[in-house]
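The values are calculated or read from the model by the stated rules, or taken from the named source; none is laboratory data. Given the structure is predicted, the values throughout are model-derived calculations rather than measurements. Methodologically, a virtual Cβ is constructed for each residue, glycine included, from the backbone with ideal geometry; neighbour enumeration extends over all protein chains shown. Side chains included, ligands, DNA and RNA excluded: accessible areas come from the protein's heavy atoms. Shrake-Rupley method; radii C 1.70, N 1.55, O 1.52, S 1.80 Å.
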Amino acid sequence: MVDRRLRLRAVGLPFLAALGVLVLLETAVRFDGRRRPTLDAEAREYVRLAVALGERDPDSLDFYAGPADLVADVRSHPPALADIQRSADAALARLEGTTVAPEQVSRRQHLIRELRALRTRAALLLGQRPPYDVESEALFGAIPGRPDDRRFAQIRSRVDNLVPAAAGRLVDRYAAYEKQFIVERERVPAVFARALAECRRRTIAHVHLPLDETSTVEYVGNRPWGAYSRYQGKRHSVISVNTDFRFTVDRLLQTACHEGYPGHHVRNVLREAAHPGELEYTVQPLFSPDTFVAEGSAMYAAEIAFSEADRMAFVHDDLFPAAGIDGEDAARYLRIARLVGDLQEIQVEIARKYLNGELEFVRAASALEDEALTRETAPTLKYINEFRSYVTAYTTGRQAAVAAVDACAGPDDRERRWKCFERLLTADAEIALPRE
């Protein structure tokens, strides 16, 4: 059961509305006897603002897969951040004062949530530094709950019992044990290709995808992330894998499901099919309530695709041989990997204290080592410096995705869980967590 202290709210911060718009809206329609811009026009404005923000800050834009001519001018001559913020405020004021037909309420609310996050990201880039919880709620619609220290202590105790006995700290013992399961760089493409193919095979057995959907894989370096799925539109994604990262065998499987099937690629394909002609679905800001759902569901994707027994068998029988690694200790390795994966939730609390100034770099690194068993702390803190409260999306987002699927399907009906997961992938609303 997810901690009841986790709160999901409507996104927003008490900013003042400002004058000015970036783009003149072209169409109007009558509601309640008054002239109002159509949602199509507001979606056009939102898309242009999101792309403009991405030009000023590439980290802010996940992808844009819409018409090139719609954003050609803002890409070649992006407005200043302050102008983007003012235009987002003006668009919000219009939408919040607009009455729409009942069937358009969900679309209007989606645009409002995304615009609130967009203007908040612009404010952060202009130098505002609210407390972590305020920033997280404004960007993702979620305030992470406080960690259950007793639960995490129990997890570390179980890892301690499973990792071979030796002198020294648990994080060092775990890192030494894990080394034998790290895939050599030259073997990463073969292992990842095999993992991606199996994730796809299992997904298309349960989720109806267009026959022409495709994904291609490229291998890159010098990036702050391990892997990235960028949607190109027209049912195609490019998945980038950073070979500077040290991937274990199971982590490559997790990455394949996360970035591809049934994770980011599948979600984007399904949403494009579900919303033809609605421009707002051609763009994905990285800091938004929509990303909270996207990242949370992707973090859960491998567990939807594989039962524990199936995952164990596939890793042992297929991926270990592809990696050229002896699979004799696979069962223990996978149990430890699951436990250390659960410790990732601690990162959000460490990030909160670090960004709020309660932990400096050295003590934050020590907390990551001792509490999350993270050996390579510098890349993690570099990531937090750059992406700030994005940690919420892949920790709290995953908790929310698990809770949503459990509430819909229960823990044991795997076919029903696939249906509930597919519904989650295409949802516009924020994930609602059940209460204890």
Quiz item: If segment 240-310 were replaced by its equivalent ellipsoid, with semi-axes equal to the square roots of 5 times the Cα gyration tensor eigenvalues, what would those be, largest first, whole Å?
Solution: 25, 15, 10
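To two decimal places, what compactness ratio does segment 322-436 give when its Cα radius of gyration is scaled by 2.2 N^0.38 Å?
Normalised by 2.2 N^0.38 Å, the Cα Rg of segment 322-436 equals 1.31.
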Practice problem: In nm, give the distance between the simple-model label positions of Glu386 and Arg201, each being 7 Å from the Cα along the Cα-to-Cβ direction. | Solution: 3.5 nm
Exercise. Can you sort His110, His264, His77 by 1.4 Å-probe accessible area, starting with the largest?
Key: His77, His264, His110
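Largest first, what is the accessible-area ranking of Trp225, Trp418 with a 1.4 Å probe?
Trp225, Trp418
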Exercise. Output the relative contact order of the chain, whole-number percent, from Cα pairs under 8 angstrom with separation of 6+ residues.
Key: 21 percent
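Percent antiparallel among DSSP beta bridges with both residues in the chain, to the nearest 5?
The answer is about 70 percent antiparallel.
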Quiz prompt | Heavy-atom accessible surface of the chain: percent carbon and sulfur, 1.4 Å | solution = 50 percent
Exercise. May I ask you to give the solvent-accessible area per residue for the chain, in square angstrom, as obtained with a 1.4 angstrom probe?
Key: 43 Å²
Quiz item: Using the C-alpha atoms of the chain, what convex hull volume per residue, in cubic angstrom, is computed?
Solution: 148 Å³
Quiz item: At Ser366 and Ala80, where each label point lies 7 Å from the Cα along Cα→Cβ, what is the point-to-point distance in nanometres?
Solution: 4.4 nm
Practice problem: Translational diffusion coefficient, Stokes-Einstein: compute it for segment 262-411 using the Kirkwood radius over C-alpha pairs as Rh, at 4 °C and 1.567 mPa s, and state it as an integer in µm² s⁻¹. | Solution: 73 µm²/s
Quiz item: Once you put a point 7 Å from the Cα of His208 and another 7 Å from the Cα of Asp413, both along the Cβ direction, what distance in nm separates them?
Solution: 2.0 nm
Quiz item: Against the longest alpha carbon principal axis of the chain, how many degrees, from 0 to 90 and to the nearest 10, is the axis of helix 149-162 turned?
Solution: 40 degrees
Quiz item: Given a Förster radius of 35 Å and the C-beta distance between Asp149 and Ala190 as r, what FRET efficiency does 1/(1 + (r/R0)^6) yield to the nearest 0.05?
Solution: 0.25
Exercise. Any chance you could look up the accessible area of Val188 with a 1.4 Å probe, heavy atoms only, rounded to 10 Å²?
Key: 0 Å²
Quiz item: Using mean Cβ contacts within 10 Å as the protection proxy, how do 63-74, 118-129 order, highest first?
Solution: 118-129, 63-74
Quiz item: Setting aside same-chain residues fewer than 8 positions from Lys382, which lysines have a Cα under 19 Å from its Cα?
Solution: Lys353
Practice problem: Go ahead and estimate [θ] at 222 nm for the chain from helices alone: -39,500 (n - 2.57) per DSSP H run with n ≥ 4, summed, over the residue count, rounded to 500. | Solution: -17000 deg cm²/dmol
